[in-house]
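Read through the structure below, which is laid out as structure tokens, and then see the notes.
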Amino acid sequence: LDKTGTLPHEQSAWSQTRAGCGGQPSTRELQAALSLARWSNHPLSQALASDPQGRVAAGVAAWTHVTEVPGHGLQALDEHGQPWRLGSAAWVGGAAEACGEADHGEAQEVCFGSPGKIHLRFEFEERLREDALEATRALQGEGLELALLSGDSPARAKALAHRLGIARVMGAAMPEDKLNALAQAQAKGEIVGMVGDGVNDAPVLARADVSFAMGQGALVARVHADAVIVSSRLGELVVARRLAVKTMRVIRQNLLWAAVYNAACIPLALMGYLPPWAAGLGMAFSSLLVVGNSLRLAR
């Protein structure tokens, strides 16, 4: 399971803004950060760009050469050709140590600044999906082993995993780290499923034995997944797996019936003990039985 946008709600609440090394955030930098955030579909960028409380006056920066680096964030050039970044603290500048600031535990954070220097820190409140705990417990109850692969800090990833009862956790995971973790599990003979929503989840969604993308997720994630959870409810994972188990059971029943019917009737027909009209009637009855058995899945 991916974390951001998958287990919590895709829209976290923007709760606080702090200047990178103390002081007060400037309105111009706030406007620039919100303007750059509109270029990304990442849930935290969208929460920042929407600004539902209207805390920042509208402003549009003339960004050029905007690129999104999976697992890190956005980079762009302003009207003066100066590069700016919006994303993880380590990628924007790793200025936390320089400013004497520690990691803020479970709080989600997006930073804005020029490469090598953090100007603004945006903190977000994370809200777990209503059915996340129920869904993870149901999947574990059916014998599945869950693992959390997240690009968030190890502290935040472990805190969320603990709330959901997930033992295997990987924090600060880049796309290649997720891919390696999945490949190692497959090398052990495990059948691996993946659930994600972001651009950085596309490689691991494509590599998994079965994969689901959240309905609100990035287009590239939905394209590379085997299925899309349109409702974005994690409970649909449980429904999908139970339906898959029932479908395989019905397929085996139908194949068994077809094997028994043909093994019994074909020799009788060859020896002349089964007249054509009886063989045709038996074939029609067999087809109706198979279709009727399959229709049970619609209940």
Review point. What are the residue pairs meeting all of these: first residue in segment 132-143, first residue among the β-branched types (V, I, T), second residue assigned to a helix (DSSP H, G or I), Cβ atoms under 8 Å, and 6 or more apart or on different chains?
Key: T136/L164
Review point. Of these, G81, G73, which one is modelled with pLDDT of 80 or more, surrounded by 14 or more Cβ atoms within 10 Å (Cβ to Cβ) and on the phi > 0 side of the Ramachandran plot?
Key: G73
Practice item. Scan segment 157-170 for residues that are touching a residue at least 12 places away in the same chain (Cβ under 8 Å) and either open to solvent by less than 20 Å² (accessible area, probe 1.4 Å) or assigned to a helix (DSSP H, G or I) (or both) and report the count. Key: 8
Revision key, fill the gap. In segment 180-191, anything surrounded by fewer than 19 Cβ atoms within 10 Å (Cβ to Cβ) and of a type outside the set (S, T, N, Q) is listed as A181, A183, A185, A187, K188, G189, E190, I191
Exercise for review: Find the residue count for segment 1-39, including only residues that are assigned to a loop (DSSP other than H, G, I, E, B), modelled with pLDDT of 85 or more and crowded, with 21+ Cβ neighbours inside 10 Å.
Suggested key: 5
Point to revise | Residues within segment 194-227 that are in contact (Cβ under 8 Å) with a residue 40 or more places away in the chain and not in a helix (DSSP H, G or I), tallied | key: 9
Exercise for review: Would you please list the contacts, defined by Cβ atoms under 9 Å and residues six or more apart or on different chains, that run from a residue in segment 228-240 that is part of a helix (DSSP H, G or I) and open to solvent by less than 40 Å² (accessible area, probe 1.4 Å) to a residue that is modelled with pLDDT of 95 or more and charged (D, E, K, R)?
Suggested key: G235/E134; V238/E134
Check your understanding: Quick one: in segment 171-190, which of the residues that are in a helix (DSSP H, G or I) and among the small types (G, A, S) is nearest to G71 (Cα to Cα)?
Key -> A181
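Scan L288, L268, L297, L255 and give me the residue that is part of a helix (DSSP H, G or I) and touching a residue at least 24 places away in the same chain (Cβ under 8 Å).
Working: L288 fails: touching a residue at least 24 places away in the same chain (Cβ under 8 Å); L268 fails: touching a residue at least 24 places away in the same chain (Cβ under 8 Å); L255 fails: touching a residue at least 24 places away in the same chain (Cβ under 8 Å).
Result of the check over L288, L268, L297, L255: L297.
The values are calculated or read from the model by the stated rules, or taken from the named source; none is laboratory data. Note that the structure is predicted; figures quoted are calculated from it, not measured. So basically every Cβ, Gly included, is an ideal-geometry build from the backbone, and we count neighbours across all protein chains shown. To get the accessible areas, we keep the full protein, side chains included, count just its heavy atoms, and leave off ligands, DNA and RNA. Shrake-Rupley method; radii C 1.70, N 1.55, O 1.52, S 1.80 Å.
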